Amino acid sequence: MDANAWIRTIESKFTLLHVPCSEENKARFAAQQLRESAHLWCDHYSAMLQAGHVVIWEEFRNAFRSHHIPEGLMDRKLNEFLALTQGNRTVVQYAQAFNDLSRYAGYHADTDAKKCVCFCRGLNTKLRDRLNPIRIDTYNELVNLAITQEDCFTAHQVEKKRKAPAGPSIAQPPIYHLVQNNPPQNSQRSAQQGRWVIWPQQEQQNHAAPSSQQQQQRFNAHHQAMTTAVLDVEDQIILLETARKPDNKIKAKDPTKIIRTRTRGRPVK
């Protein structure tokens, strides 16, 4: 890319000559300005020419550019120009990159109108929306207007931040909480296996965490009550079976004697 810069520098020196310089003398003057590897190329280029051939400036410039700037590199720079956008850069930075790559754009940016279209297309959305309705004649006017609009946006953001309520100056350290890692227990307890003890209603109201001794006493009372109920049922069965037998010596009108006999000792089944 330094080759293009060197060519522009040489062409700017042509205008400083008091006497108009011919195209042949321009090529000779440019060859005298080459140094090191570029000068070696010039010697090789001159040796390849036919005897008596006069090289003019345009021929020399094209040969110098084609050697130092390969065609593949030119295509790469053209693609970079066509894909160039502002992104996170300021308008000034974007304009500098645009100007550097526009030298390789060829017919895509050979007029001010085309350069304005390509430059506006790569601007950020806010700037592009502001500049599209405005009629702009030159590329320089477009760049200046984009810089002005960017300054307005920046001032608006600063004013908005200034009016916003200020938060804590020092960031609060994160607060950690202890969280139980165990799986949540089911709110409804599963049915207990074994015997259920039904407490009287009055005792349920006054019941509050009985001791182990109280639980044992209540269990014994309940067990005795259940045993008595079983004996009552067995006595009734024995009474019915005795009443049905015709040869029973005990009278049916006094069946309590049978029940007392059965319940004094171990119940007979």
Q | Positions within the range 137-148 being hydroxyl-bearing (Ser, Thr, Tyr) and in a helix (DSSP H, G or I), in sequence order | A | TYR139, THR148
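The rows are residues; the columns are (1) over 31 Å from the mean Cα position of the chain (by Cα); (2) modelled with pLDDT under 85; (3) part of a loop (DSSP other than H, G, I, E, B); (4) of a type in the set (Asp, Glu).
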site: ASP129; (1), (2), (3), (4): no, no, no, yes
site: ARG135; (1), (2), (3), (4): yes, no, yes, no
site: GLY167; (1), (2), (3), (4): no, yes, yes, no
site: HIS177; (1), (2), (3), (4): no, yes, yes, no
site: PRO183; (1), (2), (3), (4): no, yes, yes, no
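One line per residue, one yes/no per condition, for (1) modelled with pLDDT under 85; (2) over 30 Å from LEU142 (Cβ atoms):
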position: VAL19; (1), (2): yes, yes
position: GLU59; (1), (2): no, yes
position: ALA63; (1), (2): no, yes
position: ILE69; (1), (2): yes, no
position: LYS77; (1), (2): no, no
position: LEU84; (1), (2): no, no
position: GLN96; (1), (2): no, no
position: ASN99; (1), (2): no, no
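Condition check ((1) farther than 18 Å from PHE98 by Cα; (2) out of contact with any Ser or Thr (no Cβ under 8 Å at 6 or more places or on another chain); (3) not polar (S, T, N, Q)) across all residues:
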site: ALA113; (1), (2), (3): no, yes, yes
site: VAL117; (1), (2), (3): no, yes, yes
site: GLY122; (1), (2), (3): no, no, yes
site: ASN144; (1), (2), (3): no, yes, no
site: GLN149; (1), (2), (3): yes, yes, no
site: GLN157; (1), (2), (3): yes, yes, no
site: LYS160; (1), (2), (3): yes, yes, yes
**Q.** Yes/no for GLU24 being closer than 28 Å to ASN99 by Cβ, over 53 Å from the mean Cα position of the chain (by Cα) and either β-branched (Val, Ile, Thr) or assigned to a helix (DSSP H, G or I) (or both)
**A.** no
Q) Can you tell me how many residues in the range 35-78 are in a loop (DSSP other than H, G, I, E, B), without any contact (Cβ under 8 Å) to a residue 40 or more places away in the chain and within 23 Å of ARG103 (Cα to Cα)? A) 2
Q) Out of the residues in the range 90-127 that are of a type in the set (Ser, Thr, Tyr) and outside any helix (DSSP H, G or I), which is nearest to THR148 (Cα to Cα)? A) THR90
Q: Within the range 90-111, track down each residue that is within 28 Å of CYS152 (Cβ to Cβ) and surrounded by fewer than 15 Cβ atoms within 10 Å (Cβ to Cβ).
A: THR90, VAL92, GLN93, GLN96, ASN99
Q. When you scan the range 1-21, how many residues do you find that are part of a helix (DSSP H, G or I) and hydrophobic (A, V, I, L, M, F, W, C)?
A. 6
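The values are calculated or read from the model by the stated rules, or taken from the named source; none is laboratory data. Quantities reported herein were computed from a predicted structural model and do not represent experimental measurements. Please note: Cβ atoms are built from the backbone with ideal geometry, for glycine as well, and neighbour counts cover all protein chains shown.
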